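Peer 1: Supplied in structure tokens, the structure appears directly below.
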Amino acid sequence: MKIRIKGNSIRIRLTRTEIDNFGSHGYLEEHTEFSNGSFIYALQSRDGIDNLSATLADGKVTVIVPSTITKEWTTTETVGYQHNMDISDGKQLFLLIEKDFKCIDAPAHEDQSDNFEHPTNVC
């Protein structure tokens with residue numbers, strides 16, 4: 001699972017195996033270790049909500065996915081979902097979850113064997 005954060009946007013990409021695991025378990029979590037702690041990010045499926053949302057608690061960023069979206073996303077060819085979540089003072093947090101595609105000119109250090117085939121074969 002990859003995360004990209006820029007300003008008020010969070011983008012999460014999942015490989016084939018991660019999509020399968022998320023569909024089966026409804027939860028994924030990654031840790032990035034530092035000398036003084038960990039950065040944790042997670043994807044969690046939840047019943048009774050209509051849109052993507054996110055929380056930050058105890059140093060962990062969690063993107064919450066409606067269970068209806070989880071089921072469709074993990075069992076169809078749908079690439080991803082996005083939502084602008086309202087936060088304080090009229091601001092929004094843009095959320096995007098998507099399947100991770102292979103890139104034609106991938107960096108040599110990145111294993112893409114579990115990524116989805118790129119639909120256009122162009123990066």
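Peer 1: Arranged by the count of other C-beta atoms within 10 angstrom, fewest first, what order do S9, S88 take? Walk me through the numbers on the way to the answer.
Peer 2: Numbers: S9 14, S88 5.
Ascending Cβ contact count within 10 Å gives the list S88, S9.
Peer 1: To continue, here is another question. Could you order peptides 79-87, 54-62 by the average number of other Cβ atoms within 10 Å of their residues, highest first?
Peer 2: Ranking the peptides 79-87, 54-62 by packing returns 79-87, 54-62.
Peer 1: While we're on this one: Quick check for me: using +1 on Lys/Arg Cβ and -1 on Asp/Glu Cβ, what's the dipole size of the range 2-99 about its Cα centre, in debye to the nearest 20?
Peer 2: Value, rounded to 20: 300 debye.
Peer 1: At 0.36 nm per residue, minus the direct Cα-Cα distance, what do K60 and E29 gain on full extension? Give it in nm, one decimal, please.
Peer 2: Extra length from K60 to E29 when fully extended: 10.2 nm.
Values in this text are rule-based calculations from the coordinates and carry no lab data. In this text, all values refer to a predicted model and were calculated from it rather than measured experimentally. Reconstructed Cβ throughout: ideal geometry from the backbone, glycine too, with neighbour counts over all protein chains shown.
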